[in-house]
Amino acid sequence: MQQRPPLTLAGVEKLRAELEHLKKVVRPQVIEAIAEARAHGDLKENAEYHAAREQQSFTEGRIKELESGISNAQIIDISKLDVGDKIVFGARVTLADIESGEEVQYQIVGDLESDISQGLISVLSPVARALIGKQLGDEVAVHAPGGDREYEVVDVSYSG
């Protein structure tokens, strides 16, 4: 049996909003751009037409990815988790770099909702894998592509 990929409740709501936007706003704009570019004549050398078709391809691909991801997901309401200081899926974790003392914050989320610029890391990432099962005060060695780092877990929370 294949395991269903997890998504947080907040993450699935964001993904549904993105899907709605793509279907109701972006898709009609792309269709209009293609029709407008077609009206300009020769399609072989029509850069606007080719750009619009490329945008259409990207948009339709993202729509399929979101629909599939949302329908196959196991949605987890992290506000209902009661695991104390243990790190599991959905945890918001503050880590202190043992060498520099610099702090970083992450939330462990599903692969489809991950966004490192927002501090949302995939449960499949090296950092998340190193953190799962650890607790407040534990030291964690992370083997990442950028090199090995050691952190201390200074905070764990599960706010929705």
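Taken together, the values in this text are just the output of simple stated rules run on the coordinates, not laboratory data. This is a predicted model, so every value here is computed, not measured. Every residue, glycine among them, receives a Cβ derived from its backbone with ideal geometry; neighbour counts consider all protein chains shown.
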So in the chain, what percent of DSSP beta bridges are antiparallel if you round to the nearest 5?
75
Have a look at segment 60-108 and give its Rg and Dmax from the Cα atoms, expressed in angstrom.
16.1, 46
Could you quote the convex hull projected area for the chain, Cα atoms only and averaged over all directions, in nm²?
12.8
Three-way shape label, segment 78-157, alpha-carbon gyration tensor, a/c 1.5
oblate
Using +1 at the Cβ of each Lys and Arg and -1 at the Cβ of each Asp and Glu in segment 2-160, identify which of Ala52, Gly101, Leu120 lies farthest towards the dipole's positive end.
Ala52
Compute the acute angle (0 to 90°) between the alpha-carbon long axis of helix 27-38 and the principal axis of greatest extent of the alpha-carbon atoms of the chain; round to the nearest 10°.
30
Lys and Arg at +1, Asp and Glu at -1: neighbours of Thr8 with Cβ under 10 Å from its Cβ sum to -2
Taking segment 98-160 and dividing mean pair separation by its residue count, relative contact order in percent (alpha carbons under 8 Å, at least six apart)
23
Taking a ≥ b ≥ c as the square roots of the Cα gyration tensor eigenvalues, with a/c under 1.5 meaning rounded and otherwise prolate when a/b beats b/c, else oblate, which class fits segment 6-76?
prolate
Which residues in segment 15-44 have a backbone N closer than 13 Å to a point placed 7 Å from the Cα of His50 along the Cα-to-Cβ line?
43-44
Once you place label points 7 Å from the Cα toward the Cβ at Ser100 and Arg38, how far apart are they in nm?
5.4
